[in-house]
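Structure, as C-alpha cells:
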Amino acid sequence: MSGGDLQARLLAPSRWRKWEIALWAAIWVTPFAVPQHAALINEIAILALFAVSLDIVLGYAGIVSLGHAAFFGSGAYAAALFAKHVMPDPLVGLVVGTVVGALLGVTTSPMIVRGTDLTRLMVTMGVALVLLELANKFDNVTGGADGLQGVVIGPLLGMFEFDLGARTASFYSLTVLFLVFLVLRRVVHSPFGVSLQALRDNRLRLSSLGMSIQGRLAVAYTLGAAVAGAAGALLAQTTGFASLDGLDFHRSADVMLALVIGGAGWLWGGLAGAIAFKVMHDVISAFTPQYWTFWIGLFLVILMLVGREKLFSPRTWFKNGGAK
Amino acid sequence: MTDVVLQTRSLVKRFGGITATQDVTLAITRGARHALIGPNGAGKTTLINQLTGVLDPTSGRIELEGRDITDLAPHKRVALGLVRTFQINQLFSTLTPAQSLTLAVSNRREAAGRWWLPLGSDAGIVAEVEQLLVQFRLQDHADRVTRELPYGKRRLLEIALAVALKPRVLLLDEPAAGVPAAERQDILDTVAALPADVSVVLIEHDMDLVFTFATRITVLVNGAMLTEGTPAEIAASDEVRAVYLGSSLAGTRHASTEAEHG
C-alpha cells in the first residue's frame, strides 16, 4: 500500500463528480432556454445563495440560527444605500454588501460561540429583531416601512443594463452563486472545512486535538454572514429596492425551510432546496394562491418524519416497511 | 531520568458537598509509565479532566514542564503536549480514520487552518498518516466511516488520534475498556510500543495491564492519594489490598454496607 494510494483516497471527496458538472451545465442552460422565466431564475439564485450561506452556519458548523435574515437584510440595505449615495456600480455595491454582512457576523459571533442551541436560536433571532426595529425606526435613512426608494443601479461592467425582464439580473445572480459555490466547495474540503464537520461530530474530541472550537465557530459564522450579505445585496440590486422585508423573521424561516428541504451539511442542499422551495411556491400558488403554505407545511412534516433518503427512493417504501 | 514533566500541587475539586479530588500532589517524570488505580468512584477521571482542562480545580495548581497551566484552555494544553484519550470513545463518527488522523497530524503541523488546498494534498502529512494507520493496525479500515468500524478498531483509533499529536504526556483513560478478548492484544501491543520518551499516565481497572505496563503506580481512594510506589511495593501493600478487598466486598454485600454507613 503506497503513500500515493492513500493520498488519492483522501483527495477523492474533493474531486468534481460527473453529475455535479452536468447539474451546473443544466443550471447554466436555463436562462438561455427559458428567458421568459428570468425573474424566477434570479429569485432562485438569490435564495440558493442565501441557503448556501445558512448551510455553512447550520449544516457545517452546526449553529442553529433563526435570524440569518439579519445579514441578508443588512447586505441589502448596504448595497442599496451605497448605490443611492455613493456610486451605482453593482460590483462595488456587491462587495460593500458582503463586507457589511461579514462585519456584522464578526461582531455578533462572540454571542453565539458559547451556550446551548436554544441560546443560539434566541440570540440569532433577537439580533435580527433588533436590526429590523432599528431599520424601522431610522426611516430617514432606510425609508422605514415604505422601503428605500429611488435606488438606481448602474449597468453591470458598464455594459449590461438591468432590464425589466430581469435577464441581466438572472445572469448576474447565477454568476455570483456559481463563483461562491466554487470557492465554498474548495473550503469545505480543506482541512478547515473538514474540521468543521469534525466539530459537528464531536466537539470534545476536536478540542482534545488542540483545535479551538470557538475560533472555528466564529470563522464559519462570519463566512456565512458574508455570503448572506452578498445574497441580500443581489436582491437589492436586481430589484432596485431594499425594505424591512429583507430583515423579517419570515425570511430567516423560509431560508431554513429551503435548506432543510434540500438537505443541510452539503453544498448542493442549499441549491436543491432553493429550487424545490421556489418551484413548489410557484406551482402550488398557481392553483391555490392563499393556501400554499398548507402544502409546504404538509410536505415538511412528511419529509421530516419519513426522512429524505427514504422519501426520494420509492423502492424502499415497501421493502423495509414490513421488516422493521 | 528523574525530571518531572507533569506536576499537580494540592489539587482539590469539590462538587457541592462532595470532594472528588482531595489534596492530590502528583509528579509524573519524563518517560514515565505511571498507572493511576483505585476503586470505582476514586476520582481518577475527575483528576484527568482537571489535568486536561475540561474541569477547573476548586484549588491547587497544575504545572507542565515547569509552566503553570491551571488556567489554560484545553486546546492550548494540547498544543503544549498534554494529550489524552477517553474512557468512552470520542471520535468523528462521519469521518474515516484516514481523514481523522490527517486532521490530527495537520493540526500538529499547524496546517489545520488551511482553507484552500484539500485535506490530503500535503504528501508529508499523508505519509505520516499512512505510518500511523500501520502502527495502529487500521490500514484495512482506513476508508470506512468511523461509526461503522468494529469496536476494537475504534478503540485503536482513539489512541492513534492522541499519538498523532506526538504528545509529551499521554493520558490513557482505560484504553482496554470494553474491548473484546480477541482484539485486546492489539491494544496492549500498541500501548507497549509507545515511544520511550513519552510520559504515559494509564488509568485502568485491568490489573494485568497495569502490572505489565507500569513502572510506578499511584493508588487513589475517595479522591485522595492513598499510596504510591513500584508495582512490587503496591502488590505487597496491605493498605491497597484492604481497599480493593473492601470494595469488592462492598460490591457483593452492597445492602449491608449501605446500612452500616446510613
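The values are calculated or read from the model by the stated rules, or taken from the named source; none is laboratory data. Just so you know, these numbers come straight off a predicted model, no measurement behind them. Note that we place each Cβ from the backbone using ideal geometry, even for glycine, and neighbour counts take in every protein chain shown.
Let's see how each residue does on (1) touching a helix residue (DSSP H, G or I) at 6+ places or on another chain (Cβ under 8 Å); (2) assigned to a helix (DSSP H, G or I):
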site: A:20; (1), (2): yes, yes
site: A:25; (1), (2): no, yes
site: A:36; (1), (2): no, yes
site: A:67; (1), (2): yes, no
site: A:77; (1), (2): yes, yes
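Out of everything in segment B:104-120 that is among the hydrophobic types (A, V, I, L, M, F, W, C) and crowded, with 22+ Cβ neighbours inside 10 Å, what residue ends up being farthest from the chain's Cα centre (by Cα)? Break it down stepwise before answering.
Of all residues in segment B:104-120, those among the hydrophobic types (A, V, I, L, M, F, W, C) come to B:104-105, B:111-112, B:115-117, B:119.
Then keep just the ones that are crowded, with 22+ Cβ neighbours inside 10 Å; that gives B:104-105, B:112, B:119.
Details: B:104: 17, B:105: 19, B:112: 24, B:119: 28 Å.
Among residues in segment B:104-120 that are among the hydrophobic types (A, V, I, L, M, F, W, C) and crowded, with 22+ Cβ neighbours inside 10 Å, the one farthest from the chain's Cα centre (by Cα) is B:119.
Please give the helices (runs of 4 or more DSSP H) falling wholly within segment A:121-208 in which 2 or more residues are basic (Lys, Arg) and crowded, with 21+ Cβ neighbours inside 10 Å. Break it down stepwise before answering.
Details: elements: A:139-142, A:167-189, A:191-201, A:203-208.
Output list is empty.
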Of all residues in segment B:124-143 being more than 19 Å from residue A:14 (Cβ to Cβ) and of a type in the set (D, E, K, R), the one that is farthest from the other protein chains (Cβ to nearest Cβ):
B:137
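Which of the following residues is outside any loop (DSSP other than H, G, I, E, B) and modelled with pLDDT of 90 or more: B:191, B:219? Give the steps one after another, and end with the answer.
Values: B:191 fails: modelled with pLDDT of 90 or more.
None of the others qualify; the one that does is B:219.
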Exactly one of (1) surrounded by fewer than 21 Cβ atoms within 10 Å (Cβ to Cβ); (2) within 14 Å of chain B (Cβ to nearest Cβ); (3) out of contact with any Lys or Arg (no Cβ under 9 Å at 6 or more places or on another chain) is unmet by residue A:14. Its number?
(3)
Please find, among A:246, A:210, A:240, A:229, the residue that is more than 14 Å from chain B (Cβ to nearest Cβ) and over 19 Å from the mean Cα position of the chain (by Cα).
A:240
Check segment A:249-264 and report whether any residue there is closer than 28 Å to residue A:160 by Cβ and among the acidic types (Asp, Glu).
no
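Every residue, every condition in (1) closer than 22 Å to residue B:21 by Cα; (2) within 7 Å of chain A (Cβ to nearest Cβ); (3) surrounded by fewer than 23 Cβ atoms within 10 Å (Cβ to Cβ), yes or no:
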| residue | (1), (2), (3) |
| --- | --- |
| B:56 | yes, no, yes |
| B:59 | yes, no, yes |
| B:68 | yes, no, yes |
| B:75 | no, yes, yes |
| B:84 | yes, yes, no |
| B:90 | no, yes, yes |
| B:97 | no, no, no |
| B:102 | no, yes, no |
| B:122 | no, no, yes |
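Only one residue in B:188, B:170 is surrounded by 15 or more Cβ atoms within 10 Å (Cβ to Cβ), away from chain A (no Cβ under 14 Å) and not charged (D, E, K, R). Which one? I'd like the intermediate steps shown before the answer.
On the way: B:170 fails: away from chain A (no Cβ under 14 Å).
Only one candidate qualifies: B:188.
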When the residues of segment B:104-115 are filtered to those that are touching a residue at least 12 places away in the same chain (Cβ under 8 Å) and more than 8 Å from chain A (Cβ to nearest Cβ), which remaining residue is nearest to residue B:145 (Cα to Cα)?
B:105
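Wholly within segment A:235-324, which helices (runs of 4 or more DSSP H) include no fewer than the required count, namely at least 3 residues that are in the same structural domain as residue A:140 (by TED's automatic domain parsing), modelled with pLDDT of 85 or more and farther than 26 Å from residue A:16 by Cα?
Qualifying helices (runs of 4 or more DSSP H): A:249-262, A:267-287.
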